[in-house]
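**Student:** Have a look at this one before I ask anything.
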Amino acid sequence: MLPAQVNRVTVQEAADRYVELVRAKTLTGGLSPATAEVYARDVATFVRLAGPDRVLDDLTGEDVDAVLLAFARKPDERRKSDEQGKGTGKGAGQSAASQARFRRSVSALFRHATSAGWVHLDPMAASSVRARERGGLRPERRALTREQAEGLIEAAGSPSGPPPEAEPAGSGVGRRRRADQRTEVRDALVVLLLTTVGPRVSELVRANVEDFYTNDGVRYWRIFGKGGRTRDVPLPDAVAAAFDAYLAVRPDGNGEKALLLSWRGRRLARGDVQAVIDRVQRRVDPGQRRAVTPHGLRHTTATHLLADGTDMDAVRRVLGHSDLSTLGRYRDDLPGELEIAMGSHPLLRRWRGQAGPDTP
């Protein structure tokens, strides 16, 4: 029996065809545009590291290992200087999470190449390089404690005082701040949604007004998540009230469907969300204040729902995961949590009720 014939395409040709297929999946809802662009970016990096003119079928497991190691050593421009103080930190290399993501992207490329007849065997099966273990989350990615989260929510609901008479120095001469530039109500809604519902920041900025509806007196948010999946999450009463308060003052976006608008009537970008959090943080009492990212607030949602005994499957559905095991990466330890759990053990509640105050 003759071996199967393969189409000996180059690495560049295979990448171009694969990325075209990936982007086409966004039209059918199979992938979100953001996920497709991550795949495209990783595949482009693979092409540069492997060599665009090499034949894809000629790559071996050792070649793939060399590419993965080269990516791991590749400077990550987003990372700040490390504790040793190496200038701008350009020699720090890729994080474990980035390495794992890159490996998944390359694996997906070769899975498609195998089914498309571009390679005889998937070289990823012979690859031995694995990403190093994550050394824990950066502080700003960890969940806030209950006191820190409550401080942030309280600050979001507190007015920041009257608008200033003029812009800060250097931003213009004597320009008064207009009433429609007061964005405290919108900022409160952003913080409440992130802290209590835990959406991905991409899901938050993608939300439209029409995605929120009321059923049997309960306000729901239909969230369009990764992979074209949707989930309907009921909003807590306080969050629903903040939503109604924001709609009452939401600026006219000239037909813009986006829920969260800037004072100019444009949809907020991902970077704007971090600016909102930082602005609210400045009103938090210093004893409760801690820097946090939107993803850190997603960790906060998962951590406190699970710590309060919420059913794991319900938390999974709130966060939009397809597998319960994924919750582990969003679950952080809280100080005193074990002591509280064992102090109110469910199997001892009846016994404690029967025991007298002097019972040892």
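The values are calculated or read from the model by the stated rules, or taken from the named source; none is laboratory data. Computed from a prediction, not measured in an experiment: that's the story for all the values here. Methodologically, a virtual Cβ is constructed for each residue, glycine included, from the backbone with ideal geometry; neighbour enumeration extends over all protein chains shown. Please note that ligands, DNA and RNA were not included when accessible areas were found on the heavy atoms of the full protein model with its side chains. Shrake-Rupley method; radii C 1.70, N 1.55, O 1.52, S 1.80 Å.
**Student:** Would you mind computing, in nm to one decimal, how far apart the modelled labels at R317 and L69 are, each placed 7 Å from Cα along Cα→Cβ?
**Tutor:** 4.9
**Student:** Per residue of region 60-70, in order, report the coupling 6.51 cos²θ - 1.76 cosθ + 1.60 (Karplus, θ = phi - 60°) as ³J(HN,Hα) in whole Hz, putting x for Gly and Pro.
**Tutor:** Per-residue couplings from phi come out as 9, x, 5, 5, 5, 4, 4, 5, 5, 5, 5 Hz.
**Student:** With θ set to phi - 60° and the Karplus curve 6.51 cos²θ - 1.76 cosθ + 1.60, what are the ³J(HN,Hα) couplings of region 184-192 in order, to the nearest whole Hz, using x for Gly and Pro?
**Tutor:** Running phi through 6.51 cos²θ - 1.76 cosθ + 1.60 with θ = phi - 60° gives 4, 5, 5, 4, 4, 5, 4, 5, 5 Hz.
**Student:** Another question, then. Residue-wise, which Karplus ³J(HN,Hα) couplings in Hz belong to region 121-128, taking 6.51 cos²θ - 1.76 cosθ + 1.60, θ = phi - 60°, and x for glycine or proline?
**Tutor:** After applying 6.51 cos²θ - 1.76 cosθ + 1.60, I find 10, 6, x, 5, 5, 9, 7, 10 Hz.
**Student:** How big is the dipole moment of region 180-335 about its Cα centre under a simple scheme where the beta carbon of each Lys and Arg is +1, that of each Asp and Glu is -1, and everything else is neutral? Debye, nearest 20, please. Kindly include the intermediate steps, with their values, before the conclusion.
**Tutor:** Numbers: 25 positive and 21 negative charges, 124 e Å.
So the dipole magnitude of region 180-335 works out to roughly 600 debye.
**Student:** Given R₀ = 41 Å, FRET efficiency for W263-D76 by Cβ-Cβ distance, to 0.05?
**Tutor:** Values: r = 34 Å, r/R0 = 0.84.
The computed FRET efficiency comes out at 0.75.
**Student:** Taking 7 Å along the Cα-to-C-beta vector as the label spot, tell me the R8-T60 distance in nanometres, rounded to one decimal.
**Tutor:** It works out to 1.7 nm between the two label points.
**Student:** Quick query: amide H of S32 versus all other amide H atoms, modeled in the peptide plane; which residues come in under 5 Å with a sequence gap of 5 or more or a different chain?
**Tutor:** G227, G228
**Student:** What accessible surface, in Å², does a 1.4 Å probe find on K226, ignoring ligands, DNA and RNA and rounding to the nearest 10?
**Tutor:** 100
**Student:** Could you tell me the calculated FRET efficiency between R48 and D216, based on Cβ-Cβ distance and R0 = 45 angstrom, to the nearest 0.05? Working shown, then result.
**Tutor:** Details: r = 55 Å, r/R0 = 1.21.
Calculated value: 0.25.
**Student:** Next question. Once you have the Cα-Cα distance between L324 and D252, take 0.36 nm times their residue separation minus that, and quote the gain in nm to one decimal.
**Tutor:** Numbers: separation 72, 0.36 × 72 = 25.92 nm, distance 4.09 nm.
Extra length available between L324 and D252 comes to 21.8 nm.
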